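Undergrad: First the structure, then my questions, so here it is.
The values are calculated or read from the model by the stated rules, or taken from the named source; none is laboratory data. Fair warning: this is a prediction, and the values are worked out from it, not measured in the lab. Positions of Cβ are generated from backbone atoms using ideal geometry, with glycine treated the same way; all protein chains shown enter the neighbour counts. For accessibility, only protein heavy atoms count, side chains too; no ligands or nucleic acids. Shrake-Rupley method; radii C 1.70, N 1.55, O 1.52, S 1.80 Å.
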Amino acid sequence: METLEAIARRKSVRDFDPDKQIPEEALGTILGAACSAPVGHGEYKALHLTVVQDAEMLDSIRETAVNCFRDPILDIYYGAPTVIIISTSHGSVPELDMANAGTIAQNMMLAATDQGVDSVYIWGTVLAFRSEPDLADDIDLPEGFEPIASVAFGYAKNQSATPQAPHPIKNNRV
């Protein structure tokens, strides 16, 4: 798939088939794209990726998020069977943490689209881990790292391969 086609086809899915796991080959491609993301100051050592595919672990994070959002029917992962958590140890320029997470997430989501895998950027993971720090031990997060973003992956219950029309974003030329 060409890059511009992947950009046009990428959409945020919020209704995944929880019983359809992504193939290992697609996961490898997605992780490879994450590791190819341009990271500010080249501080790759300040970043960590955690792949969560264990249903019990995903349920534990979901349950914590329900308590954070006070929404008893919330599923922050929309049924996705795979979540990749992006964590940081806060590099030399802490303001770059979100930018680095954004480039990693975007690379992963575009690679997923190329592989026919759907995705959605998730921020609720951060709230869950902030409210329940012991979750970090449950996913073997290295000491000094904390989640900053995550992306859920899987297959939409209702597939639609139609590219999206570009959204109108205001811009100026100076």
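Undergrad: So which of Val174, Val151, Val126 ends up being open to solvent by 40 Å² or more (accessible area, probe 1.4 Å) and among the hydrophobic types (A, V, I, L, M, F, W, C)?
TA: Values: Val151 fails: open to solvent by 40 Å² or more (accessible area, probe 1.4 Å); Val126 fails: open to solvent by 40 Å² or more (accessible area, probe 1.4 Å).
None of the others qualify; the one that does is Val174.
Undergrad: If you take the residues of the range 2-13 that are in contact (Cβ under 8 Å) with a residue 60 or more places away in the chain, outside any helix (DSSP H, G or I) and out of contact with any Gly (no Cβ under 9 Å at 6 or more places or on another chain), which of them is surrounded by the most Cβ atoms within 10 Å (Cβ to Cβ)?
TA: Going residue by residue through the range 2-13, those that are in contact (Cβ under 8 Å) with a residue 60 or more places away in the chain are 3, 5-13.
Those still in the list that are outside any helix (DSSP H, G or I) too: 10-13.
In the following step, the residues that additionally are out of contact with any Gly (no Cβ under 9 Å at 6 or more places or on another chain) were identified as 10-12.
Working: Arg10: 18, Lys11: 16, Ser12: 12.
The extreme case among them is Arg10.
Undergrad: A follow-up question, please. Of the conditions (1) closer than 16 Å to Ile139 by Cβ; (2) in contact with a Pro (Cβ under 6 Å, 6 or more places away or on another chain), Arg9 fails just one. Which one is it?
TA: Checking Arg9 against (1) closer than 16 Å to Ile139 by Cβ; (2) in contact with a Pro (Cβ under 6 Å, 6 or more places away or on another chain), the one that fails is (1).
Undergrad: Kindly check whether there is at least one residue in the range 95-109 that is in a helix (DSSP H, G or I) and within 15 Å of Arg14 (Cβ to Cβ). Steps first, answer last, please.
TA: Of the residues in the range 95-109, the ones in a helix (DSSP H, G or I) are 96-109.
Pick out the ones that are also within 15 Å of Arg14 (Cβ to Cβ) and you get 109.
Yes, the range 95-109 contains a residue that is in a helix (DSSP H, G or I) and within 15 Å of Arg14 (Cβ to Cβ).
Undergrad: Evaluate the following for Tyr121: is it in contact with a strand residue (DSSP E or B) (Cβ under 7 Å, 6 or more places away or on another chain), open to solvent by 70 Å² or more (accessible area, probe 1.4 Å) and at pLDDT 95 or above? Before you say what the answer is, go through the steps one by one.
TA: Working: in contact with a strand residue (DSSP E or B) (Cβ under 7 Å, 6 or more places away or on another chain): yes; open to solvent by 70 Å² or more (accessible area, probe 1.4 Å): yes; at pLDDT 95 or above: yes.
For Tyr121, the condition - in contact with a strand residue (DSSP E or B) (Cβ under 7 Å, 6 or more places away or on another chain), open to solvent by 70 Å² or more (accessible area, probe 1.4 Å) and at pLDDT 95 or above - is met.
Undergrad: Here's a check for you: in the range 32-46, which residue that is farther than 21 Å from Glu143 by Cβ and free of Cβ contacts under 8 Å to residues at least 60 places away in the same chain is surrounded by the fewest Cβ atoms within 10 Å (Cβ to Cβ)?
TA: Gly42
Undergrad: Scan the range 133-155 for residues that are closer than 26 Å to Ala112 by Cα and hydrophobic (A, V, I, L, M, F, W, C) and jot them down.
TA: Once the filter is applied, which keeps residues that are closer than 26 Å to Ala112 by Cα and hydrophobic (A, V, I, L, M, F, W, C), the range 133-155 yields Ala136, Ile139, Leu141, Phe145, Ile148, Ala149, Val151, Ala152, Phe153.
Undergrad: Can I ask one more? Of the residues that make up the range 47-55, is at least one touching a residue at least 24 places away in the same chain (Cβ under 8 Å) and part of a helix (DSSP H, G or I)? Give the steps one after another, and end with the answer.
TA: Step one: of the range 47-55, the residues touching a residue at least 24 places away in the same chain (Cβ under 8 Å) are 47-53, 55.
With the extra rule that they be part of a helix (DSSP H, G or I), the set shrinks to 55.
Yes, some residue in the range 47-55 is touching a residue at least 24 places away in the same chain (Cβ under 8 Å) and part of a helix (DSSP H, G or I).
Undergrad: Do the conditions hold for Ile86, that is, is it in contact with a strand residue (DSSP E or B) (Cβ under 8 Å, 6 or more places away or on another chain), within 20 Å of Arg10 (Cβ to Cβ) and either without any contact (Cβ under 8 Å) to a residue 12 or more places away in the chain or buried (at least 18 other Cβ atoms within 10 Å of the Cβ) (or both)?
TA: On the way: in contact with a strand residue (DSSP E or B) (Cβ under 8 Å, 6 or more places away or on another chain): yes; within 20 Å of Arg10 (Cβ to Cβ): yes; either without any contact (Cβ under 8 Å) to a residue 12 or more places away in the chain or buried (at least 18 other Cβ atoms within 10 Å of the Cβ) (or both): yes.
Criteria met by Ile86.
Undergrad: Given the criteria at pLDDT below 95 and either closer than 26 Å to Glu63 by Cβ or touching a strand residue (DSSP E or B) at 6+ places or on another chain (Cβ under 6 Å) (or both), does Ala136 qualify?
TA: Details: at pLDDT below 95: yes; either closer than 26 Å to Glu63 by Cβ or touching a strand residue (DSSP E or B) at 6+ places or on another chain (Cβ under 6 Å) (or both): yes.
Judged against the criteria, Ala136 is a match.
Undergrad: Give me the pairs, please: first residue somewhere in the range 140-157 and without any contact (Cβ under 8 Å) to a residue 60 or more places away in the chain, second residue anywhere and open to solvent by less than 50 Å² (accessible area, probe 1.4 Å) and not in a loop (DSSP other than H, G, I, E, B), beta-carbon distance under 8 Å, and either six or more positions apart or on two chains.
TA: Hits for this filter: Glu146/Ser87; Glu146/Thr88; Glu146/Phe129; Glu146/Ala136.
Undergrad: Let me ask another. Quick check on the range 131-144: of everything there that is open to solvent by 40 Å² or more (accessible area, probe 1.4 Å) and assigned to a loop (DSSP other than H, G, I, E, B), which residue is nearest to Cys68 (Cα to Cα)?
TA: Out of the qualifying residues, it is Glu132.
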